[in-house]
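Colleague: The following block contains the structure, expressed as structure tokens.
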Amino acid sequence: MNAFQRQLAQQCGIKEAALAEISEIEGRYAAAYARVDEMTNTAQLRILAAFQAENVGDFHLHGSTGYGYGDIGRDKLEEVWARVFQAESALVRSNIVSGTHAIATVLSALLGSGDELLSISGMPYDTLQTIIGESGDDPQSLKALGVRHRVVPLTADGDFDDQAVLAAIGPQTKVISIQRSRGYLWRPSLSIEKIRRITSLIRDRFADIIIFVDNCYGEFVEEEEPLAAGADIIAGSLIKNPGGALAPRGGYIAGREDLVRRAATRLTAPGIAFEVGSALDFNRPAFQGLFMAPLIVQQALKGAIFASAMLENRGFAVSPGPADRRTDIIQAIRFGAEAPLLAFAEGIQAASPLESYVHPEAAFLPGYEDAVIMAGGTFTQGSSIELSIDAPLRAPYIGYMQGGLSYAHVVYAVTLACQRLEA
Ligand SMILES: *Cc1c(COP(=O)(O)O)cnc(C)c1O
């Protein structure tokens with residue numbers, strides 16, 4: 001037993017058998033852990049190079065008030081962001097209130113009455129179904145505004161269905177939407193390699209179609225981002241991967257200049273697009289968060305490998321498996337029944353730095369179909385780059401765990417939560 005393990009055992013109530021298991025897991029999956037290091041090191045250097053190429057200085061960390069005209073920090077942040085994501089242009093704003101808002105801004109900027117949106121990675125994430133009008137009856141959903149939506153499911157092994165995608169594209173198809181991450185679904189996340197293959201197939205035949213990627217949870221998990229693989233525009237949340245757990249809110253949109261400009265116009269108003277929006281005190285945490293993001297993603301990914309292994313040891317189906325190649329930070333665990341899911345979620349909550357004393361309860365949240373249990377005490381409300389587990393309460397009771405600011409914390413939390421499964 002090393003000093004960390006002794007502490008785990010003595011202070012935290014972790015049993016000796018679990019300590020042996022921790023070491024065993026780390027040894028058995030050393031190659032998977034090493035692959036994470038390689039990816040995140042690459043991302044770190046790419047981000048550092050972008051800061052240097054853009055000559056970021058201390059004065060860029062300060063923000064403006066009011067209209068925000070000439071907010072050089074805000075503008076510089078967007079230039080750095082564009083460079084990191086290999087985009088012509090980026091919109092990175094604290095007043096993009098969430099990932100859902102970022103995606104809704106893109107879709108509603110690009111689609112109008114008579115246009116068709118084609119989702120080619122199956123039914124999109126829960127909150128997007130509300131935007132699109134697949135669930136709920138909001139009079140401002142895309143559907144209500146005259147946009148048609150069709151879905152091409154993934155193949156049984158979780159890949160794009162090339163022929164079905166090509167066959168589904170029609171004269172009204174304006175935007176193709178891809179969700180990189182699994183979201184709340186039991187399917188593998190889509191690799192950059194697969195995204196590259198499908199975008200090039202589509203491009204060869206339909207040059208004008210706009211390819212959009214929901215990049216939530218995928219940032220810095222692989223060596224490249226979707227724009228480098230042929231996508232036109234991407235969007236995501238700053239309280240997930242690219243905010244590095246320091247950005248207190250915000251979202252981003254990046255890609256082709258004309259498309260990002262339309263999204264900016266949609267976010268603000270015609271004529272003012274990128275030019276307004278005071279950053280207040282957002283620039284410093286957003287810059288630092290981006291710089292720190294690969295480190296945080298690394299901790300989260302290693303934690304996910306660990307969780308995958310420990311839960312697999314207890315007989316639960318896990319996706320991805322501990323040795324699998326990862327393309328997002330989510331670890332799905334199929335608990336099969338409500339009781340073990342709730343026990344595990346309670347364990348994660350009890351092991352959190354904040355609100356370890358509260359009992360998580362399932363609740364209906366805006367934009368979601370089923371009651372959802374969300375556990376995790378995070379420094380930023382709802383942040384899912386910090387350790388958290390979410391689960392819609394529906395069979396087969398799959399928990400989606402993600403995030404973790406430090407690997408040691410994830411090991412501790414998952415181990416304690418697993419002990420509750422045996423209780
Ligand atoms: C989190 C997420 C969203 C929505 O982001 P919020 O910030 O929660 O609104 C959209 N798509 C996917 C795949 C996500 O994981």
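The values are calculated or read from the model by the stated rules, or taken from the named source; none is laboratory data. Quick caveat: nothing in here was measured; it's all calculated off a predicted structure. Heads up, the Cβs are rebuilt from the backbone with ideal geometry, glycines too, and the neighbour counts pull from every protein chain shown. For accessibility, only protein heavy atoms count, side chains too; no ligands or nucleic acids. Shrake-Rupley method; radii C 1.70, N 1.55, O 1.52, S 1.80 Å.
Colleague: Quick one: of LYS76/LYS143; LYS15/LYS194; LYS15/LYS302; LYS143/LYS302, which pairs are farther than 32 Å apart, Cα to Cα?
Modeller: Going by Cα-Cα distance, LYS76/LYS143; LYS15/LYS194; LYS143/LYS302 fall outside the 32 Å limit.
Colleague: When DSSP beta bridges are limited to those with both residues in the chain, what percentage is antiparallel, rounded to the nearest 5?
Modeller: Bridges in the chain that DSSP calls antiparallel: roughly 60 percent.
Colleague: If each of ARG6 and THR42 carries a label point 7 Å out from its Cα toward its Cβ, how far apart are those two points in nm?
Modeller: 4.1
Colleague: Could you work out which residue, out of ALA343, ALA82, ALA31, moves most in a Gaussian network model of the chain, that is, has the largest mean-square fluctuation with Cα springs under 10 Å?
Modeller: Judging by the Gaussian network model, the answer is ALA31.
Colleague: Between PRO285, PRO153, PRO171, find the one with the highest GNM mean-square fluctuation for the chain; connect C-alpha pairs within less than 10 Å.
Modeller: Of PRO285, PRO153, PRO171, the Gaussian network model singles out PRO171 as fluctuating most.
Colleague: Which of the DSSP-defined H helices in the chain satisfy a minimum axial length of 30 Å, computed from C-alpha atoms, and a minimum mean Kyte-Doolittle hydropathy of 0.5?
Modeller: Span-like helices here: 283-313.
Colleague: Same structure again: Find which of ILE169, GLY146, GLY158 sits farthest along the positive direction of the dipole of the range 137-178, computed with +1 on the beta-carbon of Lys and Arg, -1 on that of Asp and Glu, about the Cα centre.
Modeller: GLY146
Colleague: To continue, here is another question. For VAL318, VAL213, give the ranking by accessible area with the largest first, probe 1.4 Å.
Modeller: Highest to lowest solvent-accessible surface, that is VAL318, VAL213.
Colleague: A further question on this structure: Going by Cα centres, the range 302-334 and the range 242-257 are how many Å apart?
Modeller: Measuring centre to centre over Cα atoms gives 26 Å.
Colleague: Quick one: putting +1 on the C-beta of Lys and Arg, -1 on the C-beta of Asp and Glu, what dipole do you get for the range 171-322 around its Cα centre, in Debye to the nearest 20?
Modeller: For this selection, approximately 380 debye.
Colleague: Moving to a separate point now. Within the range 181-306, what percent of beta bridges assigned by DSSP are antiparallel, to the nearest 5?
Modeller: Percent antiparallel among DSSP bridges in the range 181-306 is about 60.
Colleague: In deg cm²/dmol and to the nearest 500, what is the mean residue ellipticity at 222 nm of the chain if only DSSP H runs of at least 4 residues count, each as -39500 (n - 2.57), divided by the residue total?
Modeller: When only DSSP H runs of four or more count, the value is -13000 deg cm²/dmol.
Colleague: Let me ask something else. Please give the length that would be gained between ARG197 and ASP159 if that part of the chain were fully extended, namely 0.36 nm times their separation in residues minus their C-alpha to C-alpha distance (nm, one decimal).
Modeller: My answer for the length gained is 12.6 nm.
Colleague: Keeping every protein chain in place, order LEU267, LEU77 by accessible area at 1.4 Å, biggest value first, i.e. largest first.
Modeller: Order by accessible area, largest first: LEU267, LEU77.
Colleague: Let me spell out the model: positive unit charges on the Cβ of Lys and Arg, negative unit charges on the Cβ of Asp and Glu, origin at the Cα centre of the range 1-69. What dipole size does that give, in debye rounded to 20?
Modeller: Charge dipole, the range 1-69, about its Cα centre: 100 debye, nearest 20.
Colleague: While we're here: With every protein chain present, what accessible area does TYR397 have (1.4 Å probe, heavy atoms only), rounded to the nearest 10 Å²?
Modeller: My reading of the accessible area for TYR397 is about 50 Å².
Colleague: Sticking with this structure for a sec: Run the simple label-point estimate for ASP208 and ASP258 please: 7 Å along Cα→C-beta, distance reported in nm.
Modeller: Reported label-point gap for ASP208 and ASP258 is 1.0 nm.
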